[in-house]
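Readers should treat all values here as calculations from the given coordinates under stated rules, not as data from a laboratory. Keep in mind the model is a prediction, meaning the values are calculated, not measured. Cβ placement follows ideal geometry from the backbone for every residue including glycine, while neighbour counts extend to all protein chains displayed.
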Amino acid sequence: MRKNVKRMNVMEIQGTPIQIKEYAGQRVVTFKDVDTVHHRASGSARKRFNDNRKHFIEAVDFYRLTQPSEIRTLGFSRPQGGVPSEVILITETGYLMLVKSFTDDLAWKVQRELVDSYFRARAEPEEQTMQEIIDNNIPTVVVATDKLIKCAEIMAGCLEGNRSYVLNILRNVVPNIDEGETKNTECIEVTKVEKPKRKCAEYLPQAVEIDTTKMLLEMNMQGMSLPTLAKKASVSVTAIMSWIKGNHKPLEISRSNICTALGKDDDFLTPKRKRNVKE
């Protein structure tokens with residue numbers, strides 16, 4: 001492979017350089033590439049392919065190029081001149097099938113790096129587009145992002161009567177600024193509906209009272225230790241101690257979990273003055 005107008009960069013696989021090749025929108029390799037990176041004798045990969053040809057599916061595991069014009073366009077040539085009569089390009093699945101019997105230490109390293117860094121790394125579409133522009137000498141103007149944003153702000157703020165005048169000026173910065181612009185677009189006025197504001201406290205879980213004396217008495221009756229209660233209720237011992245000392249109050253869900261751990265109803269530890277029952 002020599003002169004390829006779409007040829008991409010060279011990358012190294014375990015210290016061995018390999019030319020990046022793409023065909024039909026995916027990365028591919030040749031038999032020569034496989035022999036080179038795996039340090040195999042020339043022709044080894046092709047022989048393995050021919051010996052197991054029935055297992056490889058064309059257009060899935062490999063591509064077979066036979067048209068001289070296509071081969072020439074892609075940049076393949078013979079050392080003695082001219083183009084080969086046939087070129088086989090191996091895809092990722094074809095490569096993995098081809099080297100599945102390679103079990104030496106180097107083979108494992110090459111396979112991992114070739115799959116992760118070569119086959120599954122795709123060129124950015126912007127880079128490909130720019131390369132095509134350069135190769136085909138297509139005139140273009142590259143506009144900085146900040147200038148595009150500024151132009152958009154100017155257009156958004158200008159009056160309809162001045163639109164044509166402003167566009168003519170901005171074309172000096174962005175030549176195709178009005179390309180694809182929709183004309184006579186009907187504007188629909190949207191009335192913003194203000195939602196009633198709620199206090200932050202309404203969204204936050206509220207701390208509640210807990211009858212810690214009753215809790216301790218029940219624990220004593222059941223012979224339940226504090227660590228056991230904490231584990232059953234999914235609450236830390238430190239948190240329960242802070243409730244007992246009066247430093248903090250539990251959330252309602254925590255109090256409910258404590259009641260459940262004691263085998264009682266959810267309101268068992270609710271202080272009498274807070275219960276929703278008639279005394």
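Taking the Cα centre of region 212-274 as reference, the dipole from Cβ charges on Lys and Arg (+1) and Asp and Glu (-1) amounts to some 200 debye.
In terms of other Cβ atoms within 10 Å, D116, D211 run from fewest to most in the order D116, D211.
Each residue of region 209-224 was assigned a 3J(HN,Hα) from its phi angle through the Karplus curve 6.51 cos²θ - 1.76 cosθ + 1.60 (θ = phi - 60°); the sequence is 6, 9, 7, 5, 5, 5, 5, 5, 5, 5, 4, 5, 5, 8, x, 9 Hz, with glycine and proline shown as x. Considering only Q67, V37, F56, the residue lying farthest towards the positive end of the dipole of region 1-82 is Q67, judged by Cα position with unit charges set on Cβ.
Take the cross-link list K214/K272; K21/K54; K214/K264; K214/K245 and give me the ones stretching past 22 Å between alpha-carbons. Distance filter (> 22 Å) returns K21/K54. Full extension of the chain between M11 and R53 yields a length gain of 12.2 nm, computed as 0.36 nm times the residue separation minus the alpha carbon distance. Per-residue Cβ neighbour counts within 10 Å put L262, L251 in the sequence L251, L262, beginning with the fewest. In plain terms, the chain from K231 to T66 could stretch by 52.1 nm, reckoned as 0.36 nm per residue minus the Cα-Cα distance.
Of the residues Y118, Y23, the one with the fewest other Cβ atoms within 10 Å heads the list, and the complete ranking is Y23, Y118.
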